[in-house]
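To start, the structure itself, in structure tokens.
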Amino acid sequence: MKSVLPIFLAERILRLLHMRPPQYLAHDVTESPTQDELRPNALFVEVRGGFLKWVHLPCPKCGEHIQLPMAGKERWSIKVDILRRPTLTPSIWQTNSCGAHFFVRKGSIVWCQEASIMKHEASSKTH
């Protein structure tokens, strides 16, 4: 992962720039957080032995612990900007619980219905 600011500094810069705070900021951890350690505004990037292993976050709809693999054949990818705003690909779909289906883009949640509407509006403007 590239260089990022410490959490306290990223939060302060976002406030100073009067930017809307993102729904998620990326926190680096060395082991899996418990359900009690999850916070609504935190996405935990688990790195073990220098290798990216998992991303953990609470579901924005029901609060359930979502654990995404970052290694192996079927994995997600993550990019974290200097202000610690994460972007995950592909989308996250909670098929076993509440049915939430969303993207995380620059720390913000984009619900899949919103994503398809935005895509349709963008394509309508080009035609």
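Of note:
- 17 Å tail of the calculated P(r), segment 43-101, as % of Cα pairs: 41 percent
- Measuring spread by the Cα atoms of the chain yields a radius of gyration and Dmax of 15.3, 50 Å.
- Dividing the alpha-carbon radius of gyration of segment 1-41 by the rule-of-thumb value 2.2 N^0.38 Å gives 1.34.
- Using Cβ point charges alone (K and R +1, D and E -1), the dipole size of the chain about the Cα centre works out to roughly 480 debye.
- Pairs of lysine residues in the chain that meet both criteria, 8 or more places apart or on different chains and Cα atoms under 22 Å apart, total 10.
- Look at where the Cα atoms of segment 4-44 and of segment 49-83 average out, and the two centres are 14 Å apart.
Any read-out appearing in this document is the output of simple, stated calculations on the displayed coordinates, not a laboratory observation. Because the structure is predicted, anything quoted here is derived from the model rather than measured. Neighbour counts run over all protein chains shown; Cβ positions are idealised from the backbone, glycine included.
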